[in-house]
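Data block below; observations after.
Derivation of every value follows stated rules applied to the coordinates shown; laboratory data play no part. On a predicted model such as this, the values are computed, not experimentally measured, just so you know. Note that each Cβ is placed from the backbone with ideal geometry, even for glycine, and that neighbours are counted across all protein chains shown.
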């Protein structure tokens, strides 16, 4: 059972972006594959202009790339990406955890308490369900920073890292341990302990890189 996230009314461009993003991140549209605009229009039931707006946005976020006279492709993933993404996330995610602890509003507190309760039940065992839970936890923390500019940047880099998770998800990835790391992190945020929250998030992001690197390099 997932915690309900805030629902916003989306424009067609935002809807196209969200749905194509999900396909790319989950590897339904795998790295290096051709982006077929006509097929996307048919499958998503969304017009040409919103699709193109979405692809332009995804290009700015390094998830697709256009090659003159050849078309648009989903960007590749490699071990160098992991290092660079982690360098950014390590700073921003840790700062976000501190801000969340310092600025926690009532609505954010309620959402985080629900996530902690869900983690405490321990019945989510499917790897993809665990992935979605991890995603919700990060997004709850981003919202709690009350800084939309930081939230948007965090989302961008989280999406890039999420694709790396999906790349190894069917191997012996220790995802449950990564998600359970969040229990102490969320408790620190609820307790207003910015130092502890920052430290726990830094450990979590570092652990993420170590686990992905182990699977990508060692196979």
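Rounded is the label for segment 12-74, because a/c, from the alpha-carbon gyration tensor with a ≥ b ≥ c as root eigenvalues, stays below 1.5. Label-to-label distance for residue 84 and residue 41 is 3.3 nm, based on points extended 7 Å past Cα in the beta-carbon direction. A straight line joining the Cα centroids of segment 33-83 and segment 121-171 runs 21 Å. Within the set (1) 46; (2) 61; (3) 53, the number that percent of Cα pairs over 24 Å apart takes when calculated for this structure is listed as (1). By the helix-only formula, in which each DSSP H run with n ≥ 4 contributes -39500 (n - 2.57) and the sum is divided by residues, the chain has a 222 nm mean residue ellipticity of -23500 deg cm²/dmol.
Full extension from residue 187 to residue 127: what is 0.36 nm times the residue separation minus their Cα-Cα distance, to one decimal in nm? That pair, residue 187 and residue 127, stretches by 19.2 nm at full extension. To the nearest ten degrees, helix 79-103 and the longest principal axis of the Cα atoms of the chain are 50 degrees apart.
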